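Accompanying notes for the structure given below.
Every read-out reported here was derived from the displayed coordinates using simple, explicitly stated rules and does not represent laboratory data. Everything numeric here is computed off the predicted structure, so don't read it as measured data. Glycine also receives a Cβ, built like all others from the backbone with ideal geometry; neighbour counts cover every protein chain displayed.
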Amino acid sequence: MSFLVAQFLTGLANASSLFLVASGLSIIFGVTRIVNFAHGSFYMLGAYLAFSLVGKFMPAMGGLGFWIGVLLAAVAVGLLGALMELALLRRLYRSPELFQLLATFGIVLVIQDLVLQVWGPEDLLGPRAPGFAGSIELLGLQLPQYDIFLIVVGPLVLGGLWFLFNATRWGVLVRAATEDREMLAALGVRQKMLFTSVVFLGAALAGLGGALQLPREPANLLMDMNVIVEAFVVVVVGGMGSLPGAFLAALLIGILDAFGILIFPKITLVLLFLVMAVVLILRPQGLLGRTERITDRPQGTGPPVMLPRVVLMLGLATGLGALALLPLVAGDYVLNLATEVLIFALFAASLQFLMGLGGMISFGHAAYLGLGAYGSALVVKHFALPMEGALLIAPFAAAFGAIVFGWFCVRLSGVYLAMLTLAFAQIGWSVAFQWVEITGGDNGILGVWPSEWAKAPVVFYGLTAGVVLLSLMILRRVAYAPFGYTLRATRDSPLRAGALGINLSQHRWAAFILAGAFAGLAGGFYAFLKGSVFPDVMAIPTSVDALVMVLLGGVNTLNGPLIGAVIYDGLRAELVSRTEFWRLIVGLVIIAIVLLFPQGILGSLSRLLGSRR
């Protein structure tokens, strides 16, 4: 009994820490409607800044210096959040969720490398919290005093936020902005300053959460990605923009974490995302969230990009010529890199088909790349199937996953659809990571090599190029078939399309399955190119890579993903070989593209040529 009580209190302490981060994320989304992927980076910065500030103030001021350092770290992170709002988010409030996610992901990459450069790669262990360094005895067990302190902090923060939003003029304005921005603007309220203050508060709460976590765990470079996933789960389960919902969800997740590792030790990671998926399926607005109003606004990101026929044919001829001549002038390394670019081009094209035509933004498209890769690798490992048969299995394995996941996803829209795709992708990643007996866990599946006739890089490159080009032609044919035009109708005017008798869910589900199958085919080739498969192929960064490629080439053009893959994957490979701070450069490039070229390279080219004409 005493052990269960101790686990319960540990779960409450974890829930309180998680609530500090999730509350800031919920506040920012509730007002700005931006899914801030950089929120985990603010949490990480809070821990690192607290380490430096506490180390500076404690020798001179004793225990008081620790708490001053923690508070100053939170304020500093809040100011950085306000700077991000002024320089970046303010230009993206009316942009689709895709651009907002990618812009904040660019911030994540920039902060990661800046932290690496300033503090180095080593974990930094902070001091114990003065006054809470000991333990207390409860039912025969010793419980850390600092955990008890954290249990108290969570409700205090919730009470302070409730008072701030319900008993002050600023809080009334924030709640009004959450309800109806247009009416608030008509009343003459300066929304820009209001939004800046909200982002400051949200970022400061994340920084405070990271700073208070320093006595419990060392500051490290993985803190941002670890906490942002759990924070997303809490915010979605509780209800996007609902503080009481975030607190309730944090308690649920904290207790589930504490007892799940005892009851279900092999599926601990899966439990979190199963809860998230179930809540989104049964109650998309979350436990205490508000139902979104159904509108007939387009779900896409703009009109299709149409290049002049002469430019299109010239570009196509140039690309095919380059693919044909490359084996004559390139070595094995360049051919392997070109093969990887082609694979990711197909992966990104499948995502563009889903988003550009269907208007369904997916934050977890890597699930189907991973299902294809693992499907091929498993039949090679357990059934000794040759490459030819394994590649045929890949699209069917991914299509099966898309059938199951898509049936639930296509019934949602907007950010809720994106979050459900993220939940399913994380479920897939968790299964691959924890089902060691089948998938090998983080050791992966090794020895997935092509057949003897295809082992030469030039042969595998030729095979990949042929299959990828044929797949792109099929996707293009489907896009301009009656099914493709009907899919556009469900994207541009869902209410009108439904009134005309079009089955929206059925068409979107079919598009989901088709996109998943081609992503799985890309995953099969990826497994044989690398000779192995690891859970990272299904992780969030892989999904974001595909989003970046689509954005870079142009969301509204079928040819864009190929251009985006060439530039993004080629740039990343070149930077990785030349500098350890490649994330900083890639992050800045992503931010620049979102701000300066939101239509992508082909979209901007089409606009330029159209203006000249």
DSSP-assigned coil residues among chymotrypsin sites (Phe, Trp or Tyr not before Pro) in segment 13-110, each with at most 10 further Cβ atoms within 10 Å
none
Explain nothing, just compute: Karplus ³J(HN,Hα) = 6.51 cos²θ - 1.76 cosθ + 1.60, θ = phi - 60°, for every residue of segment 386-398 in order, whole Hz, x for Gly and Pro.
x, 4, 4, x, 5, 5, 6, 6, 3, x, 6, 5, 5
Explain nothing, just the number: relative contact order of segment 335-539, from Cα pairs under 8 Å at least 6 residues apart, as a whole percent.
45
R0 = 22 Å: FRET efficiency of Glu122 with Thr579, Cβ-based, nearest 0.05?
0.65
Selection from Thr439, Gly358, Ala390, by position along the positive dipole direction of segment 335-539 (Cβ)
Gly358
Expressed in nanometres to one decimal, the distance between label points 7 Å along Cα→Cβ at Phe163 and Ala592 is 4.8
Whole-number percent relative contact order across segment 467-593, with pairs defined as alpha carbons under 8 Å at least 6 apart:
12
What number, rounded to the nearest 500 deg cm²/dmol, is the helix-based mean residue ellipticity at 222 nm of the chain, given -39500 (n - 2.57) per DSSP H run of at least four residues and division by all its residues?
-25000 deg cm²/dmol
Scan (1) 30.0; (2) 26.6; (3) 35.3 for the value of mean projected area of the Cα convex hull in nm² calculated from this model and give just the label.
(1)
Around Gly370, under 15 Å between beta carbons, what's the net of Lys plus Arg minus Asp minus Glu among the other residues?
-2
If R₀ is 45 angstrom, what is the calculated FRET efficiency for the pair Ile68 and Arg175, using the beta carbon separation as r and rounding to 0.05?
0.90
Please report, in Å, the Rg and the Dmax of segment 335-539, where both are computed over Cα atoms only.
17.2, 56
Between the helical axis of 2-32 and the dominant principal axis of the chain, each derived from Cα atoms, what acute angle in degrees is found, rounded to the nearest 10?
60
Enumerate the calculated ³J(HN,Hα) couplings along segment 228-233 in order (Karplus 6.51 cos²θ - 1.76 cosθ + 1.60, θ = phi - 60°), each rounded to whole Hz, writing x wherever the residue is Gly or Pro.
5, 5, 5, 5, 4, 4
What trypsin sites (Lys or Arg not before Pro) does segment 173-249 have in DSSP loop regions with at most 14 other beta carbons within 10 Å?
Arg190
Calculate how steeply helix 63-87 sits against the longest principal axis of the alpha-carbon atoms of the chain, using the helix alpha-carbon long axis, and give the answer as 0 to 90 degrees to the nearest 10.
40
What is the Cα centroid distance between segment 23-79 and segment 202-240, reported in whole angstrom?
11
For each of Ile28, Ile281, Ile136, count neighbouring Cβ atoms within 10 Å of the residue's Cβ, then give the residues from fewest to most.
Ile136, Ile281, Ile28
Cα centroid separation - segment 539-605 against segment 417-486, whole Å:
19
Here the equivalent ellipsoid of segment 51-114, derived from its Cα gyration tensor, has semi-axes (largest first, whole Å) of 34, 12, 7
Selection from Pro450, Ala324, Gln191, by position along the positive dipole direction of the chain (Cβ):
Gln191
Folded to 0 to 90 degrees: helix 243-263 orientation relative to the chain principal axis, Cα:
80
Once phi for every residue in segment 470-487 is put through the Karplus expression 6.51 cos²θ - 1.76 cosθ + 1.60 (θ = phi - 60°), the whole-Hz ³J(HN,Hα) values, with Gly and Pro written as x, are 5, 5, 5, 5, 5, 4, 5, 5, 5, 4, 9, 8, x, 4, x, 5, 5, 5
Can you compute the label reach from Ala185? Point 7 Å from Cα along the Cβ direction, backbone N cut-off under 20 Å, restricted to segment 81-123.
85-100
Stretched out fully, how many nm does the piece from Gln506 to Lys192 gain, at 0.36 nm a residue minus the Cα gap?
108.9 nm
Please report the relative contact order for the chain, taking Cα pairs under 8 Å with a sequence separation of at least 6, and give it as a percent rounded to a whole number.
20
Any idea what the dipole of the chain comes to, in debye rounded to 20, about its Cα centre with Lys/Arg Cβ at +1 and Asp/Glu Cβ at -1?
1960
Residues whose modelled amide H sits under 5 Å from the amide H of Ser532, counting only those 5 or more places away in sequence or on another chain, are Val448
